[in-house]
Amino acid sequence: ELAMRLYGKSEDSTEKSYFLNEAKEVADWFIKTGMISEDNLVQDGLDTKTKTVGGCTQTYTYNQGVILDAFARLSVATNDNTYASIAQSIADATITKLVQTVEGGNILTEKGQYPLITASYSDGNAFKGIFCRYLGYFIDQLKTLNLPYDNYVKFLKSNADYVWTTQSSTSFRFRWDELD
């Protein structure tokens, strides 16, 4: 993500080339680690000795989000939709697997959060927001790539509408899928 943002901001061709090459190298490494599961969800953890996923299979929404924009920006810069395609698979998995169906819509929910985890896990409050932020950036890149994005807009709108109508006006609850 950082390398692609620096690539986009740099005006020096040598710097641009450096940042693009770094981003491609990291993206290719990331793909090879196995952190993207067979379910197309990014797993939270890497064994630093073996450089593989190891036993960690937990997925969090923020991990899904951060990779979306980075991979899409890489596709824009290289004029190769391979990375964007991987990101679309991750986004699709997130909006169908890391959700609870409420009132006919899929509401983003941390895996493992439902039904027992409470607000004492306060960092989880930010995870869903991070995913939504990066999904928005991803949508912008998909527009540039002329790739479909309507289902992501619909998902964000559905979640925003649900949260605004069910949560307190002063703060959002840990669980978006619960009524206030």
Revision key, fill the gap. Only unsatisfied item for Asp69, checking (1) at pLDDT below 95; (2) surrounded by 21 or more Cβ atoms within 10 Å (Cβ to Cβ); (3) more than 22 Å from Lys16 (Cα to Cα); (4) under 15 Å from the mean Cα position of the chain (by Cα), is (3)
Practice item. Any residue in the stretch 136-149 that's assigned to a helix (DSSP H, G or I): show its pairings with residues that are crowded, with 18+ Cβ neighbours inside 10 Å and modelled with pLDDT under 95 at Cβ separation under 7 Å, as long as the two are six or more apart or on different chains. Key: Tyr137/Asp69; Phe138/Asp69; Gln141/Asp69
Check your understanding: What is the residue count in the stretch 1-21 for residues that are under 20 Å from Phe138 (Cα atoms) and either open to solvent by 60 Å² or more (accessible area, probe 1.4 Å) or not aromatic (Phe, Trp, Tyr) (or both)?
Key -> 9
Check your understanding: Going by the conditions given, is Ile117 open to solvent by 10 Å² or more (accessible area, probe 1.4 Å), within 22 Å of Tyr162 (Cβ to Cβ), aliphatic (A, V, I, L, M) and modelled with pLDDT of 90 or more?
Key -> no
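Matching residues to (1) assigned to a helix (DSSP H, G or I); (2) at pLDDT 95 or above:
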site	(1), (2)
Glu15	yes, yes
Glu22	yes, yes
Asn40	no, yes
Gly45	no, no
Val76	yes, yes
Ile90	yes, yes
Review point. Which of the residues spanning the stretch 92-103 are among the β-branched types (Val, Ile, Thr), in a strand (DSSP E or B) and farther than 12 Å from Tyr60 by Cα?
Key: Thr101, Val102
Exercise for review: Scan the stretch 128-180 for residues that are at pLDDT below 95 and hydroxyl-bearing (Ser, Thr, Tyr) and jot them down.
Suggested key: Ser158, Tyr162, Thr165, Thr166, Ser168, Ser169, Thr170, Ser171
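The values are calculated or read from the model by the stated rules, or taken from the named source; none is laboratory data. It should be emphasised that the depicted structure is a prediction, and the values quoted were computed from it without experimental measurement. Cβ coordinates were reconstructed from backbone atoms using ideal geometry, including for glycine residues, and neighbour counts include every protein chain displayed. Areas reflect the complete protein model, heavy atoms only, side chains present, ligands, DNA and RNA absent. Shrake-Rupley method; radii C 1.70, N 1.55, O 1.52, S 1.80 Å.
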